[in-house]
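Peer 1: What follows is a single structure, and I will ask about it in a moment.
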Amino acid sequence: MFEKLSRILIPIAGKLNNNRYLTVLRDAFMLSFPLTVFGSIIVVIINLPFLKGWMGDGNYATFNSLLNIAPSATLNIMTLFVVVGIGYYLSRSYKVEPIFGGMIALVSFLMLTPFVLTQENGATIAGVIPLDRIGAKGMFLGMIVAFIAAEIYRRVTQRNIVIKMPPGVPPAVAKSFAALLPACITLGIFLIVNIVVTLTLHNNLHDLIYHAVQAPLVHLGSGIIPTLIAIFFVQLLWFFGLHGQIIINSVMEPIWNTLALENYEAYSKGAELPHIITKQFVDIYTVGIGGTGMTLAVVLTILIFLKSKQLKQVSKLAIGPGLFNVNEPVIFGLPVVMNPLIFVPWVIAPMIVTLITYFAMSTGLVPPPNGIQVPWTMPLFFSGMMATGSLMGGVLQLFNMAVVFVIWFPFLKFIDRMNVRREQEEELNQAAIAGKDQTVGM
């Protein structure tokens, strides 16, 4: 059965893993990661529960206003980072000047962005970019525009429609002139598109894409069933030795990140969080308990309860990295890959934990993730508290780890008995060989 599945899944997974656009999309989101983590750290500091009582209302308001520029300059404008990243990495993959690809993608996106802020009373302010246009609400348009702009730029460049400078001109000047025609052609196309949409539809592409594409996809991705399907395939691909996170997250990450940004925007305004499932929901409550498959519970179970020398040796090597959610020593040392004895707990445990987590948050026992970016290497308990802004977020992680222990224990016990029996037989064989050697020596 596993051989038949591998023959089907491995070619598909390989194509997804090597797909140029999915790779670029993944790298673009990683470009924004250090910036948004900094903003998230500042948000955590601003919202420490004891600060307001310690500082007093006036001092706390001043403190808040001074620090609040950090999340505004990082988390609230994440779409800009993604747009630049897509333009840069896609251009680089085609071996054309990447920095111009990133900048052209950014300006193309801004060309379609209405510089008008509509207030709650209906009044408008011209010459202002609303933050939601360059944040969660503009994410999908930003990605679409960035890919198209970078493709136009590289096609024009590769067809040699450029201004060539004579030898001896400084390289920076030569590159700028070489990018001039491709930039003008690309930006001109998007300017025309914006004019046509504005005059014919009396609307803007931001609102059109948001309602036609982004809102339906985000609604679908926020459901528990699509999330369970995604987690199932992550585990299944890892079982066959393929990096499930990279493959599946390349498809789902734009949706999960958009959900996270919408939660953060609501959190920063003090409003109710609109979503349970976000990027942090998946990362903190499936990956954040020892890595993919939540194997920290597996490592601790082996160290405390099992007897096999081989398993204990693997666990001793895995416990350090596992505390920081790196679990390749378990995946390839236990092993998980192509091991039918642990296929069931490997696939089932994350899905059950996901259901428990969703239930706990949907019933109000634990707050949903507030959209703050938490480094994936943050240890258990602390990551749960940071992601939810509540002690209960960390407690839920500990409970989930206990659930993983219950699911895995009978399978690990069975493997342990097999390994102990084999190890004892090997010791007896070695003792017998040693005895024969001594006899021959006499």
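Peer 1: In percent, how large is the relative contact order of the range 302-442, given Cα pairs closer than 8 Å and 6 or more residues apart?
Peer 2: Relative contact order of the range 302-442: 25 percent.
Peer 1: Something else now. Going by amide H atoms built from the backbone, whose H comes under 5 Å of the H on VAL116, apart from near neighbours?
Peer 2: For VAL116, whose amide H was placed from the backbone, the distant partners under 5 Å are VAL128.
Peer 1: Can you return the aspartates and glutamates within cross-link range of LYS137? Criterion is Cα-Cα under 19 Å, with same-chain partners fewer than 8 residues away left out.
Peer 2: Here the aspartates and glutamates satisfying the reach criterion relative to LYS137 are GLU120, ASP207, GLU253, GLU262, GLU265, GLU272.
Peer 1: Do the alpha carbons of any pairs in LYS312/LYS413; LYS15/LYS279; LYS15/LYS95 sit beyond 18 Å of each other, and which pairs?
Peer 2: Going by Cα-Cα distance, LYS15/LYS279; LYS15/LYS95 fall outside the 18 Å limit.
Peer 1: Can you give the accessible area of LYS316, probe radius 1.4 Å, in Å² rounded to 10?
Peer 2: 130
Peer 1: I would also like to ask the following. If you take the charge dipole of the range 187-327 about its Cα centre, with +1 on Lys and Arg Cβ and -1 on Asp and Glu Cβ, which of GLY270, HIS243, ILE302 is farthest toward its positive end?
Peer 2: The residue sitting farthest along the positive end of the dipole is ILE302.
Peer 1: Identify the residues of the range 132-162 with backbone N under 11 Å of a label point that sits 7 angstrom from the Cα of LEU181 along the Cα-to-Cβ direction, or state none.
Peer 2: Under 11 Å, as judged by backbone N against the label point of LEU181, lie 156-162 of the range 132-162.
Peer 1: Let me ask you something else. When a/c reaches 1.5 or more, the comparison of a/b and b/c decides; with that in mind, is the range 359-408 rounded, prolate or oblate per its Cα gyration tensor?
Peer 2: It comes out oblate by the Cα gyration axes.
Peer 1: Cross-link candidates for LYS164: which aspartates and glutamates have Cα within less than 19 Å, leaving aside residues fewer than 8 places away along the same chain?
Peer 2: In chain and number order, the partners are GLU97.
Peer 1: Then there is this: Tell me the label-point distance for the pair LYS309, LYS164, using the 7 Å Cα-to-Cβ offset, in nm and rounded to one decimal.
Peer 2: The two pseudo-label positions are separated by 7.1 nm.
Peer 1: Shifting gears a bit: Please check: in the Gaussian network model of the chain (C-alpha springs, under 10 Å), which one of GLY188, GLY53, GLY393 has the largest mean-square fluctuation.
Peer 2: Evaluated over the chain, the most mobile residue of the options is GLY53.
Peer 1: Something else now. Residue by residue through the range 76-84, which ³J(HN,Hα) values in whole Hz follow from phi under the Karplus form 6.51 cos²θ - 1.76 cosθ + 1.60 (θ = phi - 60°), with glycine and proline marked x?
Peer 2: 6, 10, 4, 4, 4, 5, 5, 4, 4
Peer 1: Enumerate the amide H contacts of GLY241 below 5 Å, restricted to partners 5 or more residues apart or on another chain; note that Pro and chain-start residues carry no placed amide H.
Peer 2: When sequence neighbours closer than 5 places are left aside, the close amide H contacts are MET338.
Peer 1: Where q = 0.10, 0.12, 0.19, 0.21 Å⁻¹, what log10 of I(q)/I(0) comes from the Debye formula for the range 307-442, counting one point per Cα?
Peer 2: Result of the Debye calculation: -0.48, -0.63, -1.16, -1.28.
Peer 1: Only sites in a loop by DSSP and with at most 12 other Cβ atoms within 10 Å count here; which trypsin sites (Lys or Arg not before Pro) in the range 5-87 make the cut?
Peer 2: Those that pass, being in a loop and sparsely packed, number zero.
Peer 1: Using the heavy atoms of the protein chains alone and a 1.4 angstrom probe, what is the accessible area of the chain per residue in square angstrom?
Peer 2: Value for the chain: 48 Å² per residue.
Peer 1: Run the numbers on the range 99-195 and let me know its relative contact order in percent, using alpha-carbon pairs under 8 Å that are six or more apart.
Peer 2: 34
Peer 1: Please enumerate, by chain and number, the lysines with C-alpha under 17 Å from the C-alpha of LYS316, excluding those fewer than 8 residues away in the same chain.
Peer 2: LYS307
Peer 1: Remind me, relative contact order of the chain in percent, using alpha carbon pairs under 8 angstrom and six or more residues apart?
Peer 2: Details: 628 pairs, mean separation 59.5, N = 442.
So the answer I get is 13 percent.
Peer 1: Once every DSSP H run of n ≥ 4 in the chain is given -39500 (n - 2.57) and the sum is divided by its residues, what mean residue ellipticity at 222 nm do you get, rounded to the nearest 500 deg cm²/dmol?
Peer 2: Mean residue ellipticity at 222 nm (helix-derived): -23000 deg cm²/dmol.
Peer 1: Please work out the Cα center distance from the range 291-310 to the range 39-59, rounded to the nearest Å.
Peer 2: The range 291-310 and the range 39-59 have Cα centres spaced 39 Å from each other.
Peer 1: Can you give me the distance in nm between label points at LEU317 and PHE414, each placed 7 Å from the Cα along the Cα-to-Cβ direction?
Peer 2: Using points 7 Å along Cα→Cβ, the separation is 2.5 nm.
Peer 1: Let me ask you something else. Please compute the Kirkwood hydrodynamic radius over the range 108-234, one decimal place, Å, based on all pairs of different Cα atoms.
Peer 2: 17.6
Peer 1: Which log10 I(q)/I(0) values does the chain give at q = 0.09, 0.10 Å⁻¹ under the Debye formula, counting every alpha carbon as one identical point scatterer?
Peer 2: Taking Cα atoms of the chain as identical point scatterers yields -0.70, -0.82.
Peer 1: OK, next. Two-decimal Rg/Rh of the range 176-220 from alpha-carbon positions, Kirkwood Rh?
Peer 2: 1.20
Peer 1: Nothing charged except the Cβ atoms of Lys and Arg (+1) and of Asp and Glu (-1): what's the magnitude of the dipole of the chain about its Cα centre? Round to the nearest 20 debye.
Peer 2: For this selection, approximately 960 debye.
Peer 1: From the backbone phi of the range 358-373, what are the Karplus-calculated ³J(HN,Hα) couplings (6.51 cos²θ - 1.76 cosθ + 1.60, θ = phi - 60°) in whole Hz, Gly and Pro given as x?
Peer 2: Once θ is set to phi - 60°, the couplings for the range 358-373 become 4, 5, 4, 7, 5, 8, x, 5, 9, x, x, x, 8, x, 6, 6 Hz.
Peer 1: For the chain, give the percent of accessible area contributed by carbon and sulfur heavy atoms, probe 1.4 Å, rounded to a whole number.
Peer 2: Working: 14850 of 21340 Å².
That fraction is 70 percent.
Peer 1: In what order, largest first, do LEU110, LEU31, LEU237 sit by accessible area if the probe radius is 1.4 Å?
Peer 2: Largest accessible area first, the residues go LEU31, LEU110, LEU237.
Peer 1: Can I ask one more? For the range 10-115, with only Lys/Arg (+1) and Asp/Glu (-1) charged at the beta-carbon, what is the dipole magnitude about the Cα centre, in debye rounded to 20? Can you show the working numbers first?
Peer 2: Details: 6 positive and 3 negative charges, 79 e Å.
Charge dipole, the range 10-115, about its Cα centre: 380 debye, nearest 20.
The values are calculated or read from the model by the stated rules, or taken from the named source; none is laboratory data. As the structure is a prediction and not an experimental result, all values here were calculated from the model. Please note: Cβ atoms are built from the backbone with ideal geometry, for glycine as well, and neighbour counts cover all protein chains shown. These area figures cover heavy atoms from the full protein model, side chains too; ligands, DNA and RNA do not enter into them. Shrake-Rupley method; radii C 1.70, N 1.55, O 1.52, S 1.80 Å.
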